[in-house]
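Working notes, structure below.
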There are 2 protein chains.
Amino acid sequence: MATTEPTSPSVTLEEIARVAGVSPSTVSRILNGTVRVSPAKREAVEQAIAQFNYRPNVLARSLASGKTNTIGVLTQTIASPFYAEWLRGIEDALYEPGFTPVFVSSRWNVTEECSRIEQFIARRVDGIIILHGQLDESRLEEFSRQTPIVVLGRSLEDGPTLAGFPIDNVQGAFDATRHLIAEGHRKIAFIAGPTSHTDALERLVGYRMALEEAGIGFDAIRVEQGDFLEAGGVAAMERLFERGVGFTAVFCANDQTAYGARLVLHRRGLRVPEDISIVGFDDVPTSQYATPPLTTVRQPIYDIGRQAAGAIVRLIRKEPVTLSAFPLSLIVRETTCAPGRVEPIVDFTS
Amino acid sequence: MATTEPTSPSVTLEEIARVAGVSPSTVSRILNGTVRVSPAKREAVEQAIAQFNYRPNVLARSLASGKTNTIGVLTQTIASPFYAEWLRGIEDALYEPGFTPVFVSSRWNVTEECSRIEQFIARRVDGIIILHGQLDESRLEEFSRQTPIVVLGRSLEDGPTLAGFPIDNVQGAFDATRHLIAEGHRKIAFIAGPTSHTDALERLVGYRMALEEAGIGFDAIRVEQGDFLEAGGVAAMERLFERGVGFTAVFCANDQTAYGARLVLHRRGLRVPEDISIVGFDDVPTSQYATPPLTTVRQPIYDIGRQAAGAIVRLIRKEPVTLSAFPLSLIVRETTCAPGRVEPIVDFTS
DNA sequence: TTGTACGCGTTATCAT
DNA sequence: ATGATAACGCGTACAA
C-alpha cells in the first residue's frame, strides 16, 4: 500500500532498482527524464520511490554530472536592508531555473572575500555572484576562468565568463542634489560614505557636479565622512554642527546614513523638512515608512538582484548576457522642501 | 619555482600524488592531518599543491566521508531586519567550527517550508536550523530522525536530535505593557501580529495579563490586527482611529509594526511620546536610530542565533545541548512617557 | 610510515 | 528500451 516506510536513513538508487526489479540506470533515467522507459517499469520504480520515500543524493549526483546547480553569492554582510534586498531578488529569480544560492558574507574584508571565493570554487558552484566586492579586476578575471562570475555594482571589462553591472551613482547623486537646489537650497551639506567604496566616491562626484552646474561651487567644509551606517550618520552630523558651518539641507550617501543624521537633527530640536531638508540614497524598503517618509534616490534593488541571477544563469549556459542599465530615480517624499524663512544655524562661512 | 600554473580547471588529488611521487592516500592524509607523514613527502606534496593551486573537491570529499560540513538554515524571509540578525549570528558562530550555512527562505509558506527541508536532506546537510517555522511537531520529529534539527522560537519536546529554543514572549509583552501602565496609561491599544504566528499570540497574552493584573481589564476594541510589517502597522492604526476608540498608548507586536503605527500618528499631527506613547518588540538594530528612538522589548537576536549554531553543532557531535533561556528586557528609550494632559482623541468607550 | 583496493551514490557510455 | 560497466574525486580499512 501507500504506507510510507519509517523513512530509513538513506535509501539509495540501487536499492530502489532492486526493489523495482530494474537496473540502476533505468531508475536514473526515470529520475532525470533522459529517455523514455516502458510504463510498466516506470510504474514499479515510482512506487518503490514513494514507498521508501527515496530522495536522490545531491552530492553523488553533482559529482557524477559535474553540475551542482548551486550559485555562490558573496555579500559584504547579510544583515543590511540594502544587501538583503539584493539577496531576496537573487534567491527568487534563481528558484525557477532550479539553482540554489549559497549566501556568504565577507564582512567588508578583502582577505575573507578572496578565501570565500576559493571556497565557492572548491564547492564547485556553477557560478558566482559578487555584490560589490573589493577584489581588483585582475583577480576577478582569474577566478572567472574557473567559474562564471557576475559582479553587481561595478563596471568591468566583460568577458565570456565575467560580467559587471555598474550602477549610475553619479547620475543619482546629481539628481538628488539638483532637486535640493531646485527647491532653493544653496548651502547643502553632504555626508559621504567610506572612501574605500566606489559607490561612495561616485556619489560625492555627483553631488559636486550638481553644485558646480548651479554655480554654487563645491566647498569641502560642508562634506563629512560617514560609514554607510546609522552610527556614521550620527557622528558626521554632529561634526557638521560642531564645525559651525551653515546649511539648510543634507544629502546623505545612503538611507542608513540619513537615518542617523535625522536623529541628530531631532535631538537638536530641528524639524525635518521645515528647518533642514534631507535626502538619502538607495530607497531601502523601510524608507517609505520613516517618519517622515524619506526623500531618496531609488535603486530598483530587488530587480537588480533578479537580473544578476538571470545573468549568471545565462553565463553558465554560455548564452550572451545583455547588461541593461538600471535606471535610478529620485523619489520625492517628505523630508525635503524649500529652505525655511529663518536660517537656523549660525553661519560662519558667508 | 613558485610560479603558480594557470590554475587548471580541476586538478585532482590523484594528479598531485603523481607529481609529488607519492600515493593518493598520502596526499589525503596530509590534507586531513590524519596521521604523520615523513617531512620529505609532505614537502613534495605541499609544493605540488601550491604549484597547481590545488583545492580538494568538496563534493567528492563529502560523498566519501559522509559529512558535508553544511547546515541548512530555513528562514521565513531573508530580507527582514529581524531574521537577518539571526542569520548573522548563525553565520558568525558556524564559521569557527568550520560549517557553512545554507540560507533558504520559505516565504511564510508551509508547503515550501516542507519541501525546503526535504531539499536540505537531499543535500545531506549535517544539520538544520529552523527559524520559527510552522511545521507541526510530529513532522519535525520525523525529519529530525534523518538529520539533527534546532528550532528557534518554539518550545519543543526535545530529543537526541531535536531541540527547540522558546522565547518568552508572554513575559516580554507583559513587561512592556506594565511599563506603560506604570507611566500612568490606562487606555492602551495593541496592534497584534498574524494570528498564525505563535509569537504574536503569546504577545497578546502578555499584554492582556498585564492589563488584568492592573485591574484595567482587557477590551478587544483596543486590539487591532497587524502583520508584523510596517504596512500592517499603518493599516491597523488607521482602523483604530476610525473606530474612534480612545487610547494614550500603543503597544505593537513588533518594531516594524511600531514604525507603521508611528507614521500614522505623525500624519495625524500627533506627537510621540507627548500625545501618544508607543512601544515595540524585538529591538531590531535600527530601532535605536529611529526618530525618536523606539522604546521596545529587546531580544538578543544575534546571540540567540549564535546559540542556535552552537546547539546544532553539539547535536551533530551527539553532545548534550543545554538550552538556556533568552532573557528579554525592556529598553526604555524615547517613545514613551506619562500620558498627556489632554485626551487627544474622542473617546466613545468611557 | 606508506601504498592498494574498495566504497560513497550517481551519471554516462557503451553494448544489447 | 534496457542493462552492464566505467567514471566522478576522495576517504579509509587493510595490508605491507
Check: Using alpha carbon centroids, what distance separates the stretch B:254-314 and the stretch A:88-145, in Å?
Finding: 32
Check: If you place +1 on the Cβ of every Lys and Arg, -1 on the Cβ of every Asp and Glu, and leave all else neutral, what size is the dipole of the stretch B:1-99 about its Cα centre, to the nearest 20 Debye?
Finding: 380
Next item on the list: Apply the Kirkwood formula to chain A: the hydrodynamic radius equals the inverse of the mean of 1/r over all pairs of different alpha-carbon atoms; give it in Å with one decimal.
Entry: 23.1
Margin query: Using a 10 Å cut-off around each Cβ of peptide A:288-300, what is the average number of partner chain Cβ atoms that fall inside?
Written below: 3
Next item on the list: List the extent of the Cα atoms of the protein assembly as shown along each of their three principal axes, largest first, rounded to whole Å.
Entry: 82, 65, 53
Next item on the list: Considering the convex hull of the alpha carbon atoms of the stretch B:49-94, report its projected area averaged over all viewing directions, in nm², one decimal.
Entry: 5.2
Next item on the list: List the distances, in nm to one decimal, from the label point of B:L270 to the label points of the same position in every other copy, shortest first, placing each label point 7 Å from Cα along the Cα-to-Cβ direction.
Entry: 2.9
Margin query: I'd like the orientation of helix A:301-316 relative to chain A: the angle between its Cα long axis and the longest Cα principal axis, in ° from 0 to 90, rounded to 10.
Written below: 40
Checklist line | For B:T100, distant residues with modelled amide H under 5 Å away | finding: B:T70, B:I71
Notebook entry, point to check: Over chain B, what is the percentage of antiparallel beta bridges among all DSSP beta bridges, to the nearest 5?
Noted result: 10
Next item on the list: Mind listing the long-range amide H neighbours of B:H185? Cut-off is under 5 Å, sequence gap 5 or more, other chains count too, H placed in the peptide plane at 1.01 Å from N.
Entry: none
Item checked: Of A:G217, A:F241, A:L201, farthest towards positive along the dipole that unit charges on Lys, Arg, Asp, Glu beta carbons give the stretch A:169-294 -> A:F241
Checklist line | Under the Karplus curve 6.51 cos²θ - 1.76 cosθ + 1.60, θ = phi - 60°, whole-Hz ³J(HN,Hα) for the stretch A:275-280, x wherever Gly or Pro sits | finding: 8, 9, 8, 9, 10, x
Item checked: Signed unit charges on C-beta, dipole axis of the stretch A:94-198, positive-most listed residue A:A176, A:G98, A:Q146 -> A:A176
Checklist line | Rounded to 5, percent antiparallel among DSSP beta bridges of the protein assembly as shown | finding: 10
Item checked: Angle between chain A longest axis and helix A:198-213 axis [Cα atoms, degrees, rounded to 10] -> 40
Checklist line | trypsin sites (Lys or Arg not before Pro) within the stretch B:46-102: DSSP coil, no more than 15 neighbouring Cβ in 10 Å | finding: B:K67
Item checked: Least to most buried among B:I276, A:I221, A:I316 (fewest other Cβ within 10 Å first) -> A:I221, A:I316, B:I276
Check: Size of the dipole of chain A about the Cα centre, Lys and Arg at +1 and Asp and Glu at -1 on the beta carbon, nothing else charged, in debye to 20?
Finding: 900
Check: Relative to the longest principal axis of chain B, what angle (0 to 90°, nearest 10) does the C-alpha long axis of helix B:110-122 take?
Finding: 20
Note to self: Give me log10 I(q)/I(0) at q = 0.21, 0.23 Å⁻¹ for the stretch B:94-169, Debye formula, one equal scatterer per alpha-carbon, no solvent.
What the structure shows: -0.98, -1.16
Check: For the stretch B:169-294, with only Lys/Arg (+1) and Asp/Glu (-1) charged at the beta-carbon, what is the dipole magnitude about the Cα centre, in debye rounded to 20?
Finding: 400
Check: Mean residue ellipticity at 222 nm from the helices of chain B, using -39,500 (n - 2.57) per DSSP H segment of n ≥ 4 over the full residue count, to the nearest 500 deg cm²/dmol?
Finding: -13000 deg cm²/dmol
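Rule-based calculations on the coordinates, nothing more; no lab input. Since this is a predicted model, take the numbers as computed values, not measurements. In this analysis, Cβ positions are derived from the backbone assuming ideal geometry, glycine residues included, and neighbour counts consider all displayed protein chains.
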